[in-house]
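A short write-up of the structure that comes next.
The values are calculated or read from the model by the stated rules, or taken from the named source; none is laboratory data. Nothing here was measured: the structure is a model prediction, and the numbers come from that model. Virtual Cβ from ideal backbone geometry, glycine too; neighbours counted across all protein chains shown.
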Amino acid sequence: MNQYPEAYTDYLLFFHAERDFFECHEVMEEFWKEHPNDVRSRTYVALIQIAVGLYHDRRGNRAGAVKMLQSAAQNADADHLASLGLDADKLQELLIDRWTRIQQSEHEYEDISLPIIDAELLAWCMKEAEQRGLTWLAPSPLHNEALIQKHTVRDRSDVIRERERQQQIRKEKGGAR
């Protein structure tokens, strides 16, 4: 799938076959940071926010989920979504429906699928999932705490070192917080 960034196709596989929204966030955020001038930058942010919103929803953090999904709807550009093989109108409807349902007291987490309209992309993703031993559109393993609470078990040493490095830079420039 040469017409799409590898990070994006990885995102789709994490999203639909592994239901690993944390990794969706990681892979797209890294790509987004490496390509700050990409015309689709805000739409990449929207994809990140969708994954983070669903991660929050699945963990029961309703306020965080609603905030992320609403931001995603604002950041998603219809033309850029189409250039990524997604149906922009259906995605907007999906996001609005999800954050509306999250705000209802009886809401229980339910997986969603991104509306992929590029038949070649969809076929490639399904085949790639199968080759990796994964099931396309597999349901979230809601009893897998390592997946559901992934942010609490990951190694954050790189993040902490980078934060300290940035603080040192600000301090040297006279702008320490």
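Of everything in the stretch 118-155, what is modelled with pLDDT under 85, surrounded by 11 or more Cβ atoms within 10 Å (Cβ to Cβ) and not in a helix (DSSP H, G or I)? Give them in sequence order.
Pro141, Leu142, Asn144, Gln149, Arg154
Being at negative phi, surrounded by fewer than 20 Cβ atoms within 10 Å (Cβ to Cβ) and not in a helix (DSSP H, G or I) is the filter; apply it to the stretch 60-78 and report the residue that is modelled with the highest pLDDT.
Asp77
Examine the stretch 107-117 for a residue that is more than 16 Å from Leu54 (Cα to Cα) and modelled with pLDDT of 95 or more, and state whether such a residue exists.
Taking every residue of the stretch 107-117 in turn, at least one turns out to be more than 16 Å from Leu54 (Cα to Cα) and modelled with pLDDT of 95 or more.
When you scan the stretch 39-57, do you find a residue that is surrounded by fewer than 16 Cβ atoms within 10 Å (Cβ to Cβ), at positive phi, not acidic (Asp, Glu) and not in a helix (DSSP H, G or I), even just one?
The answer is no; no qualifying residue exists.
Is it true that Leu81 is out of contact with any Ser or Thr (no Cβ under 9 Å at 6 or more places or on another chain), aliphatic (A, V, I, L, M), part of a helix (DSSP H, G or I) and buried (at least 20 other Cβ atoms within 10 Å of the Cβ)?
So Leu81 does not fit the description; no.
Please go through the stretch 84-108 and pick out each residue that is outside any helix (DSSP H, G or I) and surrounded by fewer than 18 Cβ atoms within 10 Å (Cβ to Cβ).
Asp87, Gln103, Gln104, Ser105, Glu106, His107, Glu108
Tally the residues that are assigned to a helix (DSSP H, G or I) and under 19 Å from Ile117 (Cβ atoms), restricting the search to the stretch 1-24.
Number of matching residues: 8.
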